[in-house]
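Below you'll find the structure, written out as structure tokens, and then a few comments.
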Amino acid sequence: MEKDFNWQNGIIDLSKPISGHNQFGGWLVYPDGTLEHKQNGYLIGANRLRNDDWILHLLEKSWVDMNDFIPAYFQAMRN
């Protein structure tokens with residue numbers, strides 16, 4: 001699966017949205033910071049990002065690829 005984010009010197013550039021949203025594997029990050037998993041519709045509203053420990057919570061989900069979720073999460077936190 002092709003990644004929809006920018007690489008610079010082997011590092012993901014999280015500062016530039018692409019076509020209104022960034023995509024990290026199955027995760028979409030919208031300009032307002034909302035995260036959505038496009039295959040199953042799992043949605044984390046921007047207003048909830050700082051309320052819970054999403055990384056630990058999603059580690060328990062068998063369908064989550066943390067290599068995609070973690071950069072998506074940090075991009076959402078930046079937005």
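Values in this text are rule-based calculations from the coordinates and carry no lab data. Here the structure is a predicted model, which is why all the values come from computation and not from measurement. All Cβ positions, glycine included, derive from the backbone under ideal geometry; neighbour counts span all protein chains shown.
Need one number: nm distance between label points at MET77 and ASN47, each 7 Å from Cα along Cα→Cβ, rounded to one decimal.
Placing both labels 7 Å beyond Cα along the Cβ direction yields 2.2 nm.
Provide the per-residue ³J(HN,Hα) series for the stretch 66-71, in order, calculated from phi with Karplus coefficients 6.51, -1.76, 1.60 and θ = phi - 60°, each as a whole number of Hz, with x at glycine and proline positions.
5, 5, 8, 5, 4, x
In the calculated pair distance distribution of the stretch 23-78, what percentage of Cα-Cα distances lie above 18 Å?
Taking all Cα-Cα pairs of the stretch 23-78, the fraction more than 18 Å apart is 18 percent.
I'd like the Karplus ³J(HN,Hα) series for the stretch 29-35: coefficients 6.51, -1.76, 1.60, θ = phi - 60°, whole numbers in Hz, and an x wherever there's a Gly or Pro.
Going residue by residue, I get 10, 8, x, 7, x, 5, 10 Hz, with x marking Gly and Pro.
Amide H neighbours of TYR42 under 5 Å, at least 5 residues apart or on other chains, H built in the peptide plane: list them.
It is HIS37, by chain and number.
Could you list HIS57, HIS37, HIS21 so that the one with the fewest beta carbons within 10 Å of its beta carbon is first and the one with the most is last?
Lowest count first: HIS57, HIS21, HIS37.
Suppose every Lys and Arg Cβ carries +1 and every Asp and Glu Cβ carries -1, with no other charges. What dipole size does the stretch 23-78 come out with about its Cα centre, to the nearest 20 debye?
Rounded to the nearest 20 debye, it is 120 debye.
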